[in-house]
1. What residue, among those in segment 27-50 that are at pLDDT 95 or above and in a loop (DSSP other than H, G, I, E, B), is farthest from residue 373 (Cα to Cα)?
2. Report, by residue number, each residue of segment 311-325 that is among the hydroxyl-bearing types (Ser, Thr, Tyr) and at pLDDT below 95.
3. Go through segment 146-170 and count every residue that is within 24 Å of residue 263 (Cβ to Cβ) and either aliphatic (A, V, I, L, M) or not in a loop (DSSP other than H, G, I, E, B) (or both).
4. Looking only at segment 366-388, decide whether some residue is outside any strand (DSSP E or B), aliphatic (A, V, I, L, M), at pLDDT 95 or above and closer than 13 Å to residue 313 by Cβ.
5. Looking at 180, 234 in this structure, which one is closer than 19 Å to residue 309 by Cβ, at pLDDT 95 or above and out of contact with any helix residue (DSSP H, G or I) (no Cβ under 6 Å at 6 or more places or on another chain)?
6. Can you report the number of residues in segment 180-199 which are more than 21 Å from the chain's Cα centre (by Cα) and touching a residue at least 60 places away in the same chain (Cβ under 8 Å)?
7. Just wondering, is there one or more residues in segment 311-332 that are of a type outside the set (Lys, Arg), in a strand (DSSP E or B) and in the same structural domain as residue 253 (by TED's automatic domain parsing)?
8. Give the residues of segment 274-305 that are outside any strand (DSSP E or B) and among the β-branched types (Val, Ile, Thr), sorted by residue number.
Amino acid sequence: MWRSLVALALLLSLLLTAIPAHAQGPAIPTPHLLPVASGFDRPTHLTHAGDGTDRLFVVEKPGTVRILQDGALLATPFLDLTARVLSSGAEQGLLSVAFPPGQGTPDHFYVNYTSIPDGDSVVSRLAVSPEDANRADPGSEEVILTIEQPFANHNGGQLAFGPDGYLYIGTGDGGSGGDPLVNAQNGNTLLGKILRIDVESAPPDAPYAVPATNPFADTVGFRPEIWALGLRNPWRFSFDRATGDLYIADVGQSTREEVNHQPSAGGGENYGWNIMEGSTCFQAETCDTQGLTLPVTEYGRDLGVSITGGHVYRGPGRTAWQGLYFYGDFGSGRIWALQRSGDTWVNTLLRDTDLSISSFGEDEAGRLYVVDYRGAVYLLAGATYLPVIRW
């Protein structure tokens, strides 16, 4: 099946325009966008259950989760929470879904959404129907965590289980512009952070536990759930399934979009917002960068306006793709690949598309998908070559 899909992708590539490189470097296979499915209502996220079924779960902003199975979109939603989800704001809605690892056929999962009536961020656990693995039970919802949102934007929304089995949660700085409440640098709030909590082995009388190894578990002036801080709106982050490294794409304010890298042994990093925007001081000529972790790559508003984080490729074949971090931009539709070479990070601008890239996703085998907010899902496929762009 995949051979025929790749052949079709090569034909489709004739319709897509690749961006010429600015400097020569090692060749990287250029992705072609192979249509997988369409008809989604403002899709925001794509993932799998890790249960051997190869199903893809596609989150829709108004509050539903749909299933792609064997290339077909199932007619009945896996989950419908539209009566509880506030999605009127551009950055509100049902934002992600996560399945706990190592469970076989999952009997429960987690969602992140902004809730009616006030737009607070809610992380919940829901059960899968024991009679039908393609249906969830909306009545089983258990709220794990609620975070008050002072404004309608910058809600973050990503959920992902790390290689340690803990649930990581991305939260925005609370919204407006410039972080007026200084949430990202405030250890007493969960806003503007990556959080890490234990939801799978929490005591019966608590919705979650705080891992004792969290970097601020015993630090006065910090919420113990905090894993990293200094983030504006980490809309999408992901773990490298081979190394455990964490990649965080943080949406910028007005000049810089950035990718942050955290080694698998990391934790406690301060990524700088709102002292910094990318590698530049925010609204100041100079600033104190001591103790801050700067991005490994960034780009300006000439190339995009809202970064969408992706994944490190660890899928079948594509030897030259192995270890590359693919990401894109919601506004410009551009797709990049980021590669580490020693202490240097090399960025490759691969494609200029007309997509509104709201998310990337992986299937169980590690193949990568692009989610178009206008309603479609694409597989990254193909094997032509472009040289590397060095910034």
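The values are calculated or read from the model by the stated rules, or taken from the named source; none is laboratory data. In this text, all values refer to a predicted model and were calculated from it rather than measured experimentally. All Cβ positions, even for glycine, are placed from backbone atoms using ideal geometry, and neighbour counts span all protein chains on display.
1. Residue satisfying both the conditions and the ranking: 50.
2. 319
3. So the count comes out to 7.
4. no
5. Being closer than 19 Å to residue 309 by Cβ, at pLDDT 95 or above and out of contact with any helix residue (DSSP H, G or I) (no Cβ under 6 Å at 6 or more places or on another chain) holds for just one of 180, 234, which is 234.
6. Adding up the residues that qualify gives 2.
7. Yes; the residues of segment 311-332 include at least one that is of a type outside the set (Lys, Arg), in a strand (DSSP E or B) and in the same structural domain as residue 253 (by TED's automatic domain parsing).
8. Within segment 274-305, 275, 286, 289, 293, 296, 305 qualify.
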